[in-house]
Amino acid sequence: MIKNPFKLEKLKINVYDKAARSGAPKDTFEVMFNPESYSLRYENVFQGYQGINTSGRMARYSLSKPQELSLKLILDNTGVTSMGITNLLSSGENDVYKRVQNFLKLTTEMDGNIHEPKYLKIEWGDLNFSCRLQSLEVNYTLFNRSGQPTRAELNTVFVADIEDCKRVKKENKNSPDVYHSRMVKSGDKLPLMTQKIYGDPAYYIQIAKVNNLNNFRKLKTGMNLKFPPVKRTQK
(Lines give C-alpha, C1' and ligand atoms only; values in the text may rest on other atoms or scores of the structure.)
Protein backbone atom coordinates (compact mmCIF):
# COMPACT_ATOMS: atom_id res chain seq x y z
CA MET A 1 0.00 0.00 0.00
CA ILE A 2 1.45 3.37 -1.12
CA LYS A 3 1.09 6.12 1.46
CA ASN A 4 -0.05 9.59 0.48
CA PRO A 5 3.04 11.85 0.85
CA PHE A 6 0.81 14.86 1.55
CA LYS A 7 -1.15 13.23 4.38
CA LEU A 8 0.06 13.81 7.94
CA GLU A 9 0.72 10.40 9.48
CA LYS A 10 -0.05 10.28 13.21
CA LEU A 11 1.90 8.15 15.66
CA LYS A 12 -0.23 5.17 16.66
CA ILE A 13 0.01 2.79 19.59
CA ASN A 14 -1.64 -0.47 18.55
CA VAL A 15 -2.86 -2.71 21.36
CA TYR A 16 -2.89 -6.53 21.26
CA ASP A 17 -3.75 -9.31 23.68
CA LYS A 18 -1.22 -11.71 22.12
CA ALA A 19 2.57 -11.50 22.13
CA ALA A 20 2.68 -12.27 18.39
CA ARG A 21 0.87 -8.99 17.66
CA SER A 22 -0.55 -10.48 14.48
CA GLY A 23 -3.75 -9.52 12.71
CA ALA A 24 -5.79 -6.44 13.46
CA PRO A 25 -5.11 -4.76 16.82
CA LYS A 26 -7.75 -4.93 19.56
CA ASP A 27 -7.55 -1.17 19.99
CA THR A 28 -5.48 1.80 18.85
CA PHE A 29 -4.43 5.00 20.58
CA GLU A 30 -3.71 7.76 18.06
CA VAL A 31 -1.84 10.81 19.35
CA MET A 32 -3.31 14.30 19.02
CA PHE A 33 0.08 15.76 18.07
CA ASN A 34 3.12 13.90 16.81
CA PRO A 35 6.10 14.10 19.20
CA GLU A 36 8.83 16.62 18.43
CA SER A 37 11.41 13.89 19.05
CA TYR A 38 11.93 10.47 20.55
CA SER A 39 14.97 8.65 21.91
CA LEU A 40 16.06 5.02 21.84
CA ARG A 41 18.34 3.67 24.57
CA TYR A 42 20.60 0.64 24.09
CA GLU A 43 22.67 -0.89 26.90
CA ASN A 44 25.11 -3.79 27.12
CA VAL A 45 25.90 -5.14 30.60
CA PHE A 46 29.36 -6.46 31.45
CA GLN A 47 30.46 -8.36 34.54
CA GLY A 48 31.64 -6.04 37.29
CA TYR A 49 34.13 -8.28 39.10
CA GLN A 50 37.72 -7.08 39.19
CA GLY A 51 40.60 -8.69 41.05
CA ILE A 52 42.12 -7.00 44.09
CA ASN A 53 45.26 -4.96 43.45
CA THR A 54 44.64 -4.75 39.68
CA SER A 55 44.52 -1.69 37.42
CA GLY A 56 42.01 -2.99 34.93
CA ARG A 57 40.01 -5.96 33.74
CA MET A 58 38.64 -7.57 30.61
CA ALA A 59 35.12 -6.46 29.73
CA ARG A 60 33.27 -9.79 29.89
CA TYR A 61 29.88 -9.60 28.23
CA SER A 62 26.92 -10.55 30.41
CA LEU A 63 23.75 -9.50 28.56
CA SER A 64 22.10 -6.87 26.39
CA LYS A 65 19.15 -5.10 27.96
CA PRO A 66 15.97 -4.56 25.92
CA GLN A 67 15.79 -1.30 24.01
CA GLU A 68 13.94 1.57 25.65
CA LEU A 69 11.90 4.14 23.75
CA SER A 70 11.22 7.50 25.40
CA LEU A 71 8.78 10.05 24.02
CA LYS A 72 6.51 12.87 25.18
CA LEU A 73 2.86 12.92 24.15
CA ILE A 74 0.76 16.08 24.34
CA LEU A 75 -3.00 16.10 24.95
CA ASP A 76 -4.65 19.48 24.50
CA ASN A 77 -8.26 20.66 24.74
CA THR A 78 -7.73 24.42 24.81
CA GLY A 79 -8.86 24.80 21.22
CA VAL A 80 -5.60 26.45 20.17
CA THR A 81 -2.20 24.80 19.86
CA SER A 82 1.12 26.38 20.77
CA MET A 83 1.38 27.42 17.10
CA GLY A 84 -1.90 29.29 17.22
CA ILE A 85 -3.77 26.75 15.10
CA THR A 86 -7.28 25.75 16.07
CA ASN A 87 -7.37 22.20 17.37
CA LEU A 88 -10.30 20.52 15.66
CA LEU A 89 -9.75 17.27 17.55
CA SER A 90 -10.73 18.71 20.92
CA SER A 91 -14.29 18.60 22.14
CA GLY A 92 -15.84 18.64 25.59
CA GLU A 93 -14.41 19.86 28.87
CA ASN A 94 -13.33 16.39 29.98
CA ASP A 95 -11.60 15.42 26.73
CA VAL A 96 -8.04 15.51 28.13
CA TYR A 97 -8.92 13.66 31.34
CA LYS A 98 -10.83 10.98 29.41
CA ARG A 99 -7.99 10.50 26.93
CA VAL A 100 -5.49 10.08 29.76
CA GLN A 101 -7.73 7.49 31.40
CA ASN A 102 -8.10 5.69 28.09
CA PHE A 103 -4.32 5.68 27.64
CA LEU A 104 -3.90 4.20 31.14
CA LYS A 105 -6.49 1.53 30.41
CA LEU A 106 -4.80 0.47 27.17
CA THR A 107 -1.21 0.49 28.39
CA THR A 108 -1.02 -0.02 32.17
CA GLU A 109 -4.07 -1.95 33.40
CA MET A 110 -3.88 -5.72 33.71
CA ASP A 111 -5.90 -7.63 31.13
CA GLY A 112 -7.92 -10.32 32.89
CA ASN A 113 -7.48 -12.76 30.01
CA ILE A 114 -3.66 -12.68 29.93
CA HIS A 115 -3.10 -11.60 33.57
CA GLU A 116 -0.77 -8.76 32.58
CA PRO A 117 -0.86 -5.47 30.66
CA LYS A 118 -1.54 -5.72 26.94
CA TYR A 119 1.11 -6.00 24.25
CA LEU A 120 1.85 -2.83 22.30
CA LYS A 121 3.30 -1.85 18.95
CA ILE A 122 4.21 1.78 18.25
CA GLU A 123 4.16 2.76 14.58
CA TRP A 124 5.22 6.07 13.07
CA GLY A 125 7.30 6.46 9.91
CA ASP A 126 10.29 4.10 10.18
CA LEU A 127 9.51 3.40 13.84
CA ASN A 128 7.98 -0.04 14.35
CA PHE A 129 8.49 -0.91 18.02
CA SER A 130 6.97 -3.96 19.74
CA CYS A 131 6.93 -3.13 23.43
CA ARG A 132 5.23 -2.70 26.81
CA LEU A 133 4.82 0.50 28.78
CA GLN A 134 7.54 0.63 31.42
CA SER A 135 6.78 3.98 33.05
CA LEU A 136 4.49 6.96 32.65
CA GLU A 137 4.46 10.40 34.22
CA VAL A 138 1.38 12.55 33.60
CA ASN A 139 1.76 16.31 34.03
CA TYR A 140 -1.42 18.40 33.85
CA THR A 141 -0.32 21.90 32.84
CA LEU A 142 -3.49 23.86 31.99
CA PHE A 143 -6.95 23.93 33.57
CA ASN A 144 -10.30 25.58 32.91
CA ARG A 145 -12.23 27.65 35.46
CA SER A 146 -13.78 24.51 36.92
CA GLY A 147 -10.35 23.02 37.61
CA GLN A 148 -10.66 20.40 34.89
CA PRO A 149 -7.43 19.73 32.94
CA THR A 150 -7.29 21.09 29.41
CA ARG A 151 -3.69 20.14 28.66
CA ALA A 152 -1.54 17.18 29.72
CA GLU A 153 2.00 16.02 28.99
CA LEU A 154 2.64 12.27 29.06
CA ASN A 155 6.30 11.40 29.59
CA THR A 156 6.51 7.76 28.58
CA VAL A 157 9.14 5.03 28.52
CA PHE A 158 8.42 1.84 26.58
CA VAL A 159 10.58 -1.28 26.87
CA ALA A 160 11.10 -3.57 23.87
CA ASP A 161 9.20 -6.85 24.07
CA ILE A 162 10.14 -9.62 21.63
CA GLU A 163 9.01 -13.25 21.51
CA ASP A 164 11.66 -15.84 22.42
CA CYS A 165 11.47 -17.52 19.02
CA LYS A 166 12.08 -14.20 17.24
CA ARG A 167 14.84 -13.28 19.68
CA VAL A 168 16.70 -16.57 19.10
CA LYS A 169 16.39 -16.16 15.33
CA LYS A 170 17.69 -12.59 15.54
CA GLU A 171 20.62 -13.57 17.78
CA ASN A 172 21.65 -16.27 15.30
CA LYS A 173 24.09 -17.81 17.76
CA ASN A 174 26.72 -19.95 16.06
CA SER A 175 29.09 -20.69 18.94
CA PRO A 176 30.00 -24.31 19.83
CA ASP A 177 28.18 -24.13 23.19
CA VAL A 178 24.71 -24.15 21.60
CA TYR A 179 22.78 -26.81 19.68
CA HIS A 180 23.07 -26.79 15.88
CA SER A 181 21.29 -28.63 13.10
CA ARG A 182 22.60 -28.66 9.52
CA MET A 183 21.27 -30.12 6.28
CA VAL A 184 23.97 -31.81 4.20
CA LYS A 185 24.61 -30.16 0.85
CA SER A 186 26.45 -31.61 -2.11
CA GLY A 187 30.18 -31.68 -1.43
CA ASP A 188 29.90 -31.37 2.37
CA LYS A 189 32.50 -33.23 4.43
CA LEU A 190 31.96 -33.96 8.12
CA PRO A 191 35.43 -32.75 9.29
CA LEU A 192 34.88 -29.46 7.46
CA MET A 193 31.42 -29.07 9.00
CA THR A 194 32.78 -29.63 12.51
CA GLN A 195 35.62 -27.21 11.76
CA LYS A 196 33.12 -24.54 10.77
CA ILE A 197 30.89 -25.04 13.84
CA TYR A 198 33.39 -25.92 16.57
CA GLY A 199 36.58 -24.44 15.14
CA ASP A 200 38.20 -27.88 15.30
CA PRO A 201 37.76 -30.79 12.81
CA ALA A 202 38.71 -33.33 15.49
CA TYR A 203 35.09 -33.47 16.73
CA TYR A 204 33.94 -35.31 13.60
CA ILE A 205 34.23 -38.72 15.31
CA GLN A 206 31.86 -37.73 18.15
CA ILE A 207 29.44 -36.14 15.67
CA ALA A 208 29.44 -39.32 13.57
CA LYS A 209 28.50 -41.31 16.69
CA VAL A 210 25.77 -38.83 17.68
CA ASN A 211 24.19 -39.15 14.23
CA ASN A 212 24.74 -42.96 13.95
CA LEU A 213 26.81 -42.61 10.80
CA ASN A 214 28.35 -45.87 9.60
CA ASN A 215 30.44 -44.12 6.98
CA PHE A 216 31.08 -40.44 7.70
CA ARG A 217 32.97 -40.11 4.38
CA LYS A 218 29.78 -40.62 2.38
CA LEU A 219 27.20 -38.13 3.58
CA LYS A 220 23.84 -38.23 1.84
CA THR A 221 22.72 -34.90 0.40
CA GLY A 222 19.61 -33.65 2.20
CA MET A 223 20.15 -35.56 5.46
CA ASN A 224 19.93 -33.60 8.70
CA LEU A 225 22.88 -33.76 11.08
CA LYS A 226 22.85 -32.84 14.78
CA PHE A 227 25.73 -30.90 16.31
CA PRO A 228 25.22 -30.79 20.09
CA PRO A 229 26.97 -28.30 22.42
CA VAL A 230 30.52 -29.16 23.39
CA LYS A 231 32.65 -28.07 26.32
CA ARG A 232 36.21 -27.26 25.52
CA THR A 233 38.94 -28.46 27.86
CA GLN A 234 41.59 -26.01 29.00
CA LYS A 235 44.94 -26.65 27.36
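So, in the stretch 187-211, how many residues would count as being among the polar types (S, T, N, Q) and modelled with pLDDT of 90 or more?
Residues meeting the conditions: 1.
With closer than 20 Å to Arg151 by Cβ and at pLDDT below 95 as the only criterion, which of Asp95, Asp111 stands out?
Matching residue, one of Asp95, Asp111: Asp95.
The values are calculated or read from the model by the stated rules, or taken from the named source; none is laboratory data. Source: prediction; values computed, not measured. As a convention, Cβ positions derive from the backbone with ideal geometry for all residues, glycine included, and neighbour counts pool all protein chains shown.
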